[in-house]
């Protein structure tokens with residue numbers, strides 16, 4: 001079952017013959033720059049664990065995980081923080097977290113909790129369980145599972161230019177839900193994906209983003225704005241790549257729905273659900289490098305919407 005409403009942006013196919021952005025050739029060219037190679041699938045590190053929860057799941061008050069001043073680096077904390085992350089109705093209080101829950105491996109440490117009965121999602125960035133058994137997170141959101149899955153910059157009135165939106169709720173630097181565009185294990189077992197995917201690249205634009213992004217941490221002049229949609233050429237003959245059925249499901253979704261730029265990564269990657277349960281892995285289902293046989297030139301950036309010139313001030 002897809003996340004978000006049936007008519008959500010994330011669940012809506014692209015129109016036939018969508019307009020390609022005039023700068024497409026430039027965007028594809030810079031995707032080759034180091035670190036640049038055809039698309040990698042984040043199946044383990046930097047993937048997203050999604051736990052199904054219900055009324056019987058243990059509840060925790062998720063505390064603020066502060067960062068020592070000497071370690072804050074590029075993460076600027078301009079304002080005093082409350083004990084609990086407050087964006088959304090009561091995030092931080094009574095959050096259902098299973099006993100076996102483990103945040104994603106890698107520095108982002110994402111964690112998503114989905115309560116289908118109560119139509120609610122909690123997502124966190126930089127979450128961890130402390131030695132004393134309490135949970136803490138550096139940021140978090142709570143939102144309806146059947147909502148649009150799309151926010152606006154105005155939904156975060158305290159974020160200022162040069163700030164990071166991470167500390168105002170969203171776990172993605174583009175200010176979108178962390179479950180948006182995620183490749184789920186059940187979808188690949190069924191070889192059927194019916195929604196847009198999420199991607200990240202090193203080559204994101206400095207202080208430029210387009211909807212559905214609400215912010216950006218890009219640092220490249222002339223880069224690809226976060227929120228941009230890329231599509232695999234729908235006329236491409238997929239048979240010549242000899243892809244296994246789960247990989248075919250991914251590339252067909254890339255042709256029909258496309259993928260959205262949601263973050264910066266050290267390479268060009270697409271996001272999958274984390275194999276967070278001990279009884280399953282991605283082995284025998286999908287390999288991280290399976291899409292690398294398709295050249296970057298087979299993709300195109302669709303015409304961008306109105307560009308917003310705000311964002312994180314970090315440069316590399």
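Does segment 256-270 contain at least one residue that is over 16 Å from the mean Cα position of the chain (by Cα) and surrounded by fewer than 22 Cβ atoms within 10 Å (Cβ to Cβ)? Looking for residues that are over 16 Å from the mean Cα position of the chain (by Cα) and surrounded by fewer than 22 Cβ atoms within 10 Å (Cβ to Cβ), one finds at least one in segment 256-270, hence yes. With the condition kept exactly as written, say whether any residue in segment 266-287 is farther than 26 Å from residue 45 by Cα and out of contact with any strand residue (DSSP E or B) (no Cβ under 8 Å at 6 or more places or on another chain). Scanning segment 266-287 turns up no residue that is farther than 26 Å from residue 45 by Cα and out of contact with any strand residue (DSSP E or B) (no Cβ under 8 Å at 6 or more places or on another chain). Checking each residue of segment 133-147 against the condition of being closer than 27 Å to residue 195 by Cα and free of Cβ contacts under 8 Å to residues at least 24 places away in the same chain gives no match. Against the numbered list (1) within 23 Å of residue 226 (Cβ to Cβ); (2) in contact with a strand residue (DSSP E or B) (Cβ under 7 Å, 6 or more places away or on another chain); (3) modelled with pLDDT of 85 or more; (4) assigned to a loop (DSSP other than H, G, I, E, B), residue 33 comes up short only at (2). Scanning segment 209-225 for residues that are under 13 Å from residue 153 (Cα atoms) and surrounded by 24 or more Cβ atoms within 10 Å (Cβ to Cβ) yields a count of 6. For residue 300, are the conditions met, namely being under 20 Å from the mean Cα position of the chain (by Cα) and assigned to a helix (DSSP H, G or I)? In short, no. For the structure I just gave you, tell me whether residue 164 is over 20 Å from residue 115 (Cβ atoms) and free of Cβ contacts under 8 Å to residues at least 60 places away in the same chain. So residue 164 does not fit the description; no. Residues of segment 147-196 that are surrounded by fewer than 14 Cβ atoms within 10 Å (Cβ to Cβ) and in a loop (DSSP other than H, G, I, E, B): 152, 157, 158, 160, 161, 192. Selection of segment 28-42 for residues being surrounded by 15 or more Cβ atoms within 10 Å (Cβ to Cβ), under 28 Å from residue 284 (Cα atoms) and over 13 Å from the mean Cα position of the chain (by Cα) yields 36, 38, 39, 40.
Yes/no per residue for (1) in a loop (DSSP other than H, G, I, E, B); (2) under 20 Å from residue 276 (Cα atoms); (3) at pLDDT 90 or above:
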| site | (1), (2), (3) |
| --- | --- |
| 66 | yes, no, no |
| 75 | yes, no, no |
| 81 | yes, no, no |
| 93 | yes, no, no |
| 103 | yes, yes, yes |
| 109 | yes, yes, yes |
| 128 | no, yes, yes |
| 138 | no, no, no |
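Checking every residue in segment 2-17 against the condition of being assigned to a loop (DSSP other than H, G, I, E, B), on the phi < 0 side of the Ramachandran plot and at pLDDT below 95 gives at least one match.
The values are calculated or read from the model by the stated rules, or taken from the named source; none is laboratory data. Computed from a prediction, not measured in an experiment: that's the story for all the values here. We place every Cβ from the backbone using ideal geometry, glycine too, and count neighbours over all the protein chains shown.
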